[in-house]
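Here the structure is laid out as structure tokens; the discussion comes afterwards.
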Amino acid sequence: MPLSSYRPAPGPGGPASAPGRGPGGAPSRPRPGPARRRAALGLLAAASLVAAGLPDAAPLGVGDRLYPHLGNPGYDVRAYDIALTYPGRNDRPLDAVTKITARATAHLERVNLDFAHGTVRSVEVNGRRAAHVTRGEDLIITPRQAVRRGTPLRIVVRHTSDPRPGKGGKGGREDGWLRTKDGLVMANQVDAAHRIFPGNDHPSDKALYTFRVTAPKGLTVVAGGLPVGRYPATVRTVPDAGGQRAGHAVRQTRAVPATTWVYRSAHPVATEVVQVSIGRSAVVRRTGPHGLPLRDVVPAADRKRLEPWLAKTPGQLSWMEKKVGRYPFEAYGVLLAQAETGFELETQTLSLFEERLFTGSQYPRWYIEAIMVHELAHQWFGDSVSPRTWSDAWLNESHATWYEELYAHEHAKRSMDERTRRAYSVSDRLRREGGPPGAPKPPAPGNKTGIFRPVMYDGSALVLYALRAKIGHAAFDRLERAWVTRHRDGVAGTADFVALASRISGQNLTGFFHSWLYDTKTPPMPGHPDWKSTYRTPHPPTRKPAAKPAKTRPAGAHGKPA
């Protein structure tokens, strides 16, 4: 699932912008003549009149317990069409145009979008220019006419997308864009997608995506979904400072040949798991089960060295399909980035990994393969079936951790019972530190991804272990398949899982789940009355769930995000 369990969190967004202004406050286009100036003044006056009777613009949210200001009420996004122009360097903002197709679910006099760390140049709503202002990490739009409930909503935002870290990040780290040695990749979990593009940045509002990314020739662009086109273009690049004459404060840009790459998703995607990769990459293609297109994205210079790892994916897919059913998407692959992240991430159809995980000698092969399966399992649990709220994220991580452990058990003879017993021995401590699995403690200020503590991984997997012991292996297997089939391409929460488990098992499991998900103390493990949670155990768990603060992954520790 997410990122690594304890990773430095994104901080507050970038500078606010005035309507019609470019970076640094400069006009975004040539100064208009008198007639156009009068028209612009009329537009601003109209926008002021529309806003006159409204309360002050303020950030909103969908009421998520852990992230109160994340997401926005009043509309349902159907599709994003995002154009990005990469200038050839990852220390410069990208020009961007984000088009949002939505439907209003309420009468809207203002429309809030999540957006931070970029400059907004202009906004249109249903074909007409609209006033806008930034408050916190919200872009607040005032259309010239209120949008009626049930009507289409088409928003066009022209903006920049800045890959440089913001000032508020812990240790200088803020995610969204991750800068690699040769370009960029995305890491948007939990709420960093709006550091890249404006939108409704909450997993409960999934949508289809089209990415149109223009980059200089010599670079390869890959995004989630499938390629639908590629055509020649040009981009304006800024030369290195060394190529400038002394005393010239402003460096001149020059046009260079480029390519525009177009990708489209066939299934809805949550903002936190979209992916775009830009770099000097090789794309390695093969075929998976049922003719599934597989494409891995790796540093071009390391292609041969990495091939033995890439070749494992078809077998891992077949193994997962035997457990839970057909792979839910149109393609799959791994993206190996030359960046130090401290986590892996299940971006939809293209899971993100640190390349060094595969090129170093620090971890045993069985462990690396199990981590690959963890992110693969998320394609079913977390991507196809997304959490309704972030408190439901235990559903993602428990399942990904479960299949990671089961794969290691079956392929490397790593005892699942023993690993689970060790996790149980510290489970009270995990709950004390991070909250129970179904009600994690809110993230600490400045660390938005801080909910991904060890309890989210090992603590949540214990719930599934107890459930299987409670209802039996056959019913558990039916539940797993039914869950991903019933909620495919949708969102679901804890109440949905409890209801389905009760129906399939023929038992009322409400009390069982309440204890395992919300109690401060870990309940007794069915079938193992001798297991104790000693709190101060001399034997730490074999694997630590994705710890974000961790700089290294101890062998056998789950140091990835999930």
| said: I need the calculated FRET efficiency for the pair residue 179 and residue 477, taking r as the beta carbon distance and R₀ as 35 Å, to the nearest 0.05. | reply: 0.25
| query | Over what distance in Å are the Cα centres of segment 209-235 and segment 355-424 separated? | reply | 32 Å
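Can you tell me, using C-alpha contacts under 8 Å and at least 6 residues apart, the relative contact order of segment 322-429 as a whole percent?
Details: 112 pairs, mean separation 21.6, N = 108.
20 percent.
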| In whole angstrom, how far apart do the alpha carbon centroids of segment 253-292 and segment 326-353 sit? | 12 Å
| Leaving out same-chain residues fewer than 8 places away, which aspartates and glutamates sit with a Cα under 19 Å from that of residue 304? | 182, 296, 354, 355, 369
| note | Label model pair residue 287, residue 304: point-to-point distance (7 angstrom along the Cα→beta-carbon line) in nm is 2.7 nm
| field | Shape of segment 129-217, Cα gyration tensor, a/c cut at 1.5 | value | prolate
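Figure the gain on full extension for residue 107 and residue 409 (residue separation times 0.36 nm, minus the Cα-Cα span) and round it to one decimal in nm. Let's see the in-between values first.
Numbers: separation 302, 0.36 × 302 = 108.72 nm, distance 5.37 nm.
My answer for the length gained is 103.3 nm.
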| field | Spin-label model distance (nm) - residue 128 vs residue 362, 7 Å beyond Cα toward Cβ | value | 5.7 nm
| residue 290 - accessible surface, heavy atoms, 1.4 Å probe, Å² rounded to 10 | 120 Å²
| query | How much accessible area does residue 228 have with a 1.4 Å probe, in Å² rounded to the nearest 10? | reply | 80 Å²
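Could you tell me which of the pairs 470/521; 181/441; 312/448 are separated by over 24 angstrom between their Cα atoms in the structure shown?
Working: 470/521 18 Å; 181/441 35 Å; 312/448 33 Å.
Pairs exceeding the cut-off: 181/441; 312/448.
Can you give the FRET efficiency for residue 238 and residue 280, using 1/(1 + (r/R0)^6), R0 = 25 Å, r = Cβ-Cβ distance, to the nearest 0.05?
Calculated value: 0.85.
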| Taking the Cα-to-Cβ direction at residue 469 and at residue 253 and moving 7 Å from each Cα, how far apart do the two end points lie in nm? | 6.2 nm
| query | Taking R0 as 22 Å, what's the FRET efficiency between residue 312 and residue 486 from their Cβ-Cβ distance, rounded to 0.05? | reply | 0.15
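The values are calculated or read from the model by the stated rules, or taken from the named source; none is laboratory data. These numbers were taken from a predicted model, which means no experiment stands behind them. Glycine also receives a Cβ, built like all others from the backbone with ideal geometry; neighbour counts cover every protein chain displayed. Side chains are part of the model used for accessible areas, which takes the heavy atoms of the whole protein and leaves out ligands, DNA and RNA. Shrake-Rupley method; radii C 1.70, N 1.55, O 1.52, S 1.80 Å.
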